[in-house]
Every structure is written in structure tokens, then in C-alpha cells.
Amino acid sequence: MNIRETLKEKQRIVIKIGSSSITHEQTGGLNLTKLEVLARELSDLKNMGKEVVLVSSGAIAVGKQTAGLKKRPGEIAKKQACAAIGQAKLMMIYQKLFAEYGQMAAQILITKNTMVNDISRRNAYNTFEELLKMGAIPIVNENDTVSTYEMQFGDNDTLSAIVAALIHADLLILLSDIDGLFTDDPRCSKNAKFISLVESIDDKMMEMGKGSSSSVGTGGMATKLSAAKIATSAGADMIIANGQDFHIIHRLMNGLNYGTLFLEKKDEQFHLIDYLQKM
């Protein structure tokens, strides 16, 4: 059996969308056409009997555009104000789009403190479980409005991997502005070779991480490889794929050969709380 065929059997799926995948590059405004495709793709996964969690970036980018700012803000207070504006707008649009396909969306905002504290982490887990039992699609983001440097995950690649580990997901899909993992940055090197399958993550592979060139996102390849380490150690397969066309979601779930697939390598010594405390 082709290893990709096993993806058809995955039941609890976390999908992470980067800011650059849901906004127009020229204006920073939301790309409603793409969001509609995303809602349809995830709704169809639900119709197939899958449990779906969406980790969506974009609150600060949307807030910036809504408030008429030309550049991504640097000051914490301005970032948090943009997040407050953008998160509300983003959720309003998600709820409307998912409702058109008969699905119920729910918002979960998390800080690092949520996950480090035993009681709040257990409460977060219980909330996810209840929402999934109700048939809702939880939409997760870092709570940028109240996060400070000490409380931040810093990027949604890491957050999505931590969510996948928390809820015992069996697949994490990171959709970004790159096709997957390469031996070097393909935008800079003609000799960069695409890597379709990763069976284990070693130190040499972690060194392949490069910074992101996106002006709206925070996560580069290094954060995606760190996310892969968390997810695979927790027992989930992970895929990095290009989010330019969200139809790729059903193609991936049908076992087609897109993106880089990292095979789960469950580590019995891996404990989420230990990882969080080292961050």
C-alpha cells in the first residue's frame, strides 16, 4: 500500500492556515474567494465523518487592513489592538461561510499560559472534546490581544502542533506559501531538491530551516520543522503543503502526492508539558 493512501483513514485532523494564504498580497485584505473554498473543503471533510480543527492566522493582518494601516505594526499595543479588530472580523466571516455549508464554527483563543497550567490545559482539552462531540469546527488562534512576549508561542506552526498533540490528532496539515521541504531555499538556490517523504527528523534536517520571506506571516521553515518534531513525537503524521489553492486539502486526504509528508514516530518519552516548560 502506498504510504499516502493511509491518509484516507485519518479521523482527527488539524489544519493550519498562514496569513499569506488567506489575504491578498497587494492590499492585505481577506481573500474571500479562497476562504469560501476553505470552508467548503473543511465542511466536506466533516461530511465524510472526520473531526476537523482549523488553526487560522490572520487576525493582526486583517486588523491592520481594517484599521487602514499600511505596515504591519511593531509596537505590542498596536499589534494587540489590530488583533482585537481582526479576530472579530475573521470569526464573523468564518461563521458565515461555514453556516452556508451547514457547519458550526467555534472560536478558541489560546496563550502559552493556557497550555503550561495543568488546570487550564485540561479545561482546554475538555472544551475541544466537547466541541468535536457537538460536531463543531473549532477555529484556533493565539490570543494576541492579551499575549506578552513571555506568554507567546510566537507562531501558529508551533501552536497547531501543540494543539494536535493536546487533542491526540492523527494528522496535522500546515498550509503555507511553499510546496514543502527542500534541501535549500528554492527561492534562492537552483540546486534545491524537493523532499516528498520524511521518515525521521534529525539534527541535519532541522538545520535546513530557513526564514520566511512573507511580510504578513511569522513562521518560516524552521518553525515548521519544529512543529513536525512535536506532532510526529506525539503520534501524528504531518504534511507541509502549498496553500495557494485550498482544493489541495481533499487531494491530500485522497492520498495524492502533494507536499512533504512527515511520518509519525511516537516517542513515549515525549510529554507536552515538558516541551512547553522548555519553550
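The values are calculated or read from the model by the stated rules, or taken from the named source; none is laboratory data. Because the structure is a prediction, the values reported are computed rather than measured. Using ideal geometry, Cβ is built from the backbone for each residue, glycine included, and neighbour counts are taken over all protein chains shown. Ligands, DNA and RNA are excluded from the accessible area calculation, which covers all protein heavy atoms including side chains. Shrake-Rupley method; radii C 1.70, N 1.55, O 1.52, S 1.80 Å.
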Beta bridge orientation in the chain: antiparallel %, DSSP, nearest 5: 20
Too-long pairs where the Cα-Cα distance tops 19 Å, listed order kept, from LYS193/LYS265; LYS34/LYS89; LYS96/LYS224: LYS193/LYS265; LYS96/LYS224
DSSP loop GluC sites (Glu not before Pro) with at most 15 other Cβ within 10 Å: longest gap in the chain: 76-198
Chymotrypsin sites (Phe, Trp or Tyr not before Pro) restricted to segment 98-189 and DSSP loop, no more than 16 other C-beta within 10 Å: TYR101
Hypothetical label at PHE194: residues of segment 220-242 whose amide nitrogen lies under 20 Å (7 Å Cα-Cβ projection): 221-222, 224-225, 238-242
For segment 50-176, share of DSSP beta bridges that run antiparallel, in % to the nearest 5: 0
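Would you mind getting the accessible area per residue of the chain, heavy atoms of the protein chains only, 1.4 Å probe, in Å²?
Values: 13100 Å² over 279 residues.
Heavy-atom SASA per residue in the chain reads 47 Å².
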Reachable aspartates and glutamates, given that their alpha-carbon falls under 14 Å from the alpha-carbon of LYS8 and they are not under 8 places away in the same chain: ASP44, GLU51, ASP170, ASP237
Under DSSP loop assignment and at most 12 Cβ neighbours within 10 Å, longest trypsin sites (Lys or Arg not before Pro)-free interval of the chain: 72-186
